[in-house]
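Have a look at the structure below before the remarks.
Nothing in this text is a laboratory measurement; each read-out follows from the coordinates by a stated rule. This one's a predicted model, so the numbers in the text were calculated from it and none came from an experiment. Quick reminder, even Gly has a Cβ in these numbers, built from the backbone with ideal geometry, and neighbours come from all protein chains shown.
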Amino acid sequence: MFKFDDKGLIPVIIQDADSGEVLMLGYADKEALRRTLDSGEVWFYSRSRQELWHKGATSGSILKVQSMAKDCDSDAILIRAKPAGPVCHTGNRSCFFQKFDNEDMG
């Protein structure tokens, strides 16, 4: 049984199935997970828009699921996927392209 947070969400890490590169982090509710399993394409729950979100529905950069795994505490999900294009909304392949330094700590 998954451990959803108090808003009914669980973090979902997206990893490129071929390269192993971490592409993004999103959140899913139960319905997003059901749609992901049913369609074979990744769905999320948008916290900012408060609605279901089919990744790539408007951009064409869908994520085809290759495998899904839960972590040892059942409070995070790893999806290995094949991206159809850039994953980040900025146009970058991955959302993790910015270096972290001391200034980020405020």
Q. Total Lys pairs in the chain closer than 28 Å by alpha-carbon, pairs eight or more apart in sequence or interchain only?
A. 22
Q) If you work out Kirkwood radius over Cα pairs in Å from the coordinates, which of [x] 13.9; [y] 14.3; [z] 15.9 do you get? A) [y]
Q | Inter-label distance for D75 and E21, nm, one decimal - labels placed 7 Å from Cα along Cα-to-Cβ | A | 3.1
Q. For the pair F97 and D38, how long in nm is the line joining their label points, each one 7 Å along Cα→Cβ?
A. 3.4
